[in-house]
Amino acid sequence: MEKTDIKNLSYPELEQRLCELGEKPFRARQVYGWLHQKLAVDFGQMSNLSIALREKLAESFVLTVPEPVEVRVSRIDGTRKYLFRLADGNVIESVWMQYHHGSSVCISSQVGCRMGCRFCASTLEGLERNLTAAEMLEQIYRIQALTGERISHIVVMGSGEPFDNYEALLRFLRMISDERGLHISLRNITVSTCGMVPGIRRFAEEGLPVTLALSLHAPNDEVRQKLMPIARSYPLSAVLDACREYFEKTGRRLTFEYSLVKGVNDNPKEARALAALLKGMHGHVNLIPVNPVKERACARPDKKAIQEFRVILEKAGIAVTIRREMGRDIQGACGQLRRSFLAETSGDEKEGG
């Protein structure tokens, strides 16, 4: 029988499993602290547990730790991009960014992605599988251990669509905010979706004060469908209705992510249409000059076009920011590092045999 990854267990589940193994309930707090506060990578590190209990844990559970196979550090801003190898050999990306308000980590929720957005490298290999809650947690744990910096903010905005992996996402959020673990405030966590309406509505009912970021990228269905295949299933009217419901249920203002692609969605007409579309919505627009991906025919607008787009939104009363570029010199965009790694390793395998 396949062993359970112990880091996937919530505190009550761990307590129950330890009681089934004949242990006292208080042992759960000790073990949970080693896993989620001290970030232990081996049962042998749990020095305040008896050797017999440590052996029992090793016999009953697995404690998987992703291996950092590549780390790139930006010479521009110090951003670090990590490529982690999982227990099954799959690789995922995570990014550490230093801001004035603290350290932020962008994590992946899936190995690859099936959403097919035209400007994103994450989707080029399709979806391999969902990540477990433990694999999502471990991206943060490993980066905190490797950098020595306390992580204060998290964005679930790396490879994958979080609502396509709903149950693991929810488990992750509850565990990362647990006071017996790293206890990162849910208010400091952002979950990004490309617009899965059922997921947004379901998430609104959870009562979690998480910031929701919508990958909008166009002011109308025609342009959005060209950029994002999911827009064929969920028109903008339904997506924005779900966003309004999210604000009503949670009181959390939304972020509307808008990747500017030259000649596609970056002209003044589209800026005015976007301002009209978002009038009265509780949130702000985050303009993202697209990171060019060699396999995608998407170019970055020039600085003048970006500033003109911003000014039009501001004059219409829309709160807007231009995303500060982080890690542009280290393939900072989602999926780029993983794709180049897969291409290199595939080439090595062919050369080797």
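Values as computed for the structure displayed
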item: From the options 247, 203, residue that is within 25 Å of residue 169 (Cα to Cα), in contact with a His (Cβ under 7 Å, 6 or more places away or on another chain) and assigned by TED's automatic domain parsing to the domain that holds residue 170; result: 247
item: Pick from segment 188-205, criterion in a helix (DSSP H, G or I) and free of Cβ contacts under 8 Å to residues at least 40 places away in the same chain, ranking: surrounded by the fewest Cβ atoms within 10 Å (Cβ to Cβ); result: 198
item: Total residues in segment 156-175, condition part of a loop (DSSP other than H, G, I, E, B), buried (at least 24 other Cβ atoms within 10 Å of the Cβ) and not charged (D, E, K, R); result: 3
item: Residue among 17, 72, 54, 27 that is basic (Lys, Arg), surrounded by 15 or more Cβ atoms within 10 Å (Cβ to Cβ), modelled with pLDDT of 95 or more and in contact with a strand residue (DSSP E or B) (Cβ under 8 Å, 6 or more places away or on another chain); result: 17
item: Inter-residue pairs, beta-carbon under 6 Å, first modelled with pLDDT of 95 or more and in segment 130-149, second part of a loop (DSSP other than H, G, I, E, B) and crowded, with 23+ Cβ neighbours inside 10 Å, 6+ apart; result: 131/109
item: Residue 79, sole failed condition from (1) of a type in the set (S, T, N, Q); (2) at pLDDT 95 or above; (3) under 16 Å from residue 139 (Cβ atoms); result: (2)
item: Filter pass, residue 254 being under 25 Å from residue 208 (Cβ atoms), crowded, with 20+ Cβ neighbours inside 10 Å, in contact with a helix residue (DSSP H, G or I) (Cβ under 6 Å, 6 or more places away or on another chain) and not acidic (Asp, Glu); result: yes
item: Boolean, residue 232 is surrounded by fewer than 20 Cβ atoms within 10 Å (Cβ to Cβ), without any contact (Cβ under 8 Å) to a residue 24 or more places away in the chain and either in contact with a helix residue (DSSP H, G or I) (Cβ under 7 Å, 6 or more places away or on another chain) or closer than 17 Å to residue 299 by Cα (or both); result: yes
item: Leading residue by the ranking (nearest to the chain's Cα centre (by Cα)) among those in segment 303-319 that are farther than 14 Å from residue 285 by Cα and free of Cβ contacts under 8 Å to residues at least 12 places away in the same chain; result: 303
item: So residue 128, is it under 20 Å from the mean Cα position of the chain (by Cα), among the charged types (D, E, K, R) and under 30 Å from residue 261 (Cα atoms); result: yes
item: Flag for residue 181 being modelled with pLDDT under 95 and either among the hydroxyl-bearing types (Ser, Thr, Tyr) or outside any strand (DSSP E or B) (or both); result: no
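The values are calculated or read from the model by the stated rules, or taken from the named source; none is laboratory data. What you see is a predicted model; the values in this text were computed from it and never measured. Counting neighbours? That spans all protein chains shown, and the Cβs are built from the backbone with ideal geometry, glycine included.
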